[in-house]
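Chemist: One structure, as structure tokens, below. Some questions next.
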Amino acid sequence: MPSPLRLEYPALSRAQLRIIGDRHGSDPVVRRLLMEVRALQNIVLRAHQVAEAAGPGHRADAFGIAVAASHRELEAETWFQEDLAEKAAYRATVAAGKLLPRRAGTSRREGTE
């Protein structure tokens, strides 16, 4: 179940965030808030990596409870689900031999050109 905040304010997609930046990015406050959103998204992605590395052990301790809660909350994050889908599509393309894997240190755009 999504948090009460998400019930009142549904998650924005990456496209919606991009539109906000395009329309209002010249406003320094909006630009700063968008950069803060991106920084927080990076923290969420790193926390997800930690949770995935912990595995599906269904632990009953505080860590296991926190991991389970984070998985439930991330289901409501549109941008996060888009990111997972993009990564899955990229992996499928690489597995099918249609694209070489990105080199370490390259951006998504650099690795797919």
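The values are calculated or read from the model by the stated rules, or taken from the named source; none is laboratory data. On a predicted model such as this, the values are computed, not experimentally measured, just so you know. We place every Cβ from the backbone using ideal geometry, glycine too, and count neighbours over all the protein chains shown.
Chemist: Is it fair to say Ala76 is outside any helix (DSSP H, G or I), at pLDDT below 90 and surrounded by 14 or more Cβ atoms within 10 Å (Cβ to Cβ)?
Modeler: Spelling it out, Ala76 is indeed outside any helix (DSSP H, G or I), at pLDDT below 90 and surrounded by 14 or more Cβ atoms within 10 Å (Cβ to Cβ).
Chemist: May I ask you to list the residues in the range 1-15 that are in a helix (DSSP H, G or I), in contact (Cβ under 8 Å) with a residue 60 or more places away in the chain and more than 17 Å from His71 (Cα to Cα)?
Modeler: Arg14
Chemist: Also, quick follow-up: Do you know which residues across the range 1-15 are surrounded by 13 or more Cβ atoms within 10 Å (Cβ to Cβ) and of a type in the set (D, E, K, R)?
Modeler: Passing the criteria: Arg6, Arg14.
Chemist: I would also like to ask the following. Identify the residue in the range 46-67 that is within 27 Å of Leu17 (Cα to Cα) and surrounded by 14 or more Cβ atoms within 10 Å (Cβ to Cβ) and, among all such residues, is nearest to the chain's Cα centre (by Cα).
Modeler: Among residues in the range 46-67 that are within 27 Å of Leu17 (Cα to Cα) and surrounded by 14 or more Cβ atoms within 10 Å (Cβ to Cβ), the one nearest to the chain's Cα centre (by Cα) is His48.
Chemist: Oh, and also: Take Gly97 and tell me if it is modelled with pLDDT under 90 and either closer than 20 Å to Pro10 by Cβ or under 19 Å from the mean Cα position of the chain (by Cα) (or both).
Modeler: Against the criterion (modelled with pLDDT under 90 and either closer than 20 Å to Pro10 by Cβ or under 19 Å from the mean Cα position of the chain (by Cα) (or both)), Gly97 does not qualify.
Here is a yes/no grid of residues against (1) loosely packed, with under 11 Cβ neighbours inside 10 Å; (2) not in a helix (DSSP H, G or I):
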{"residue": "Leu17", "(1), (2)": "no, no"}
{"residue": "Ser26", "(1), (2)": "yes, yes"}
{"residue": "Arg32", "(1), (2)": "yes, no"}
{"residue": "Met35", "(1), (2)": "no, no"}
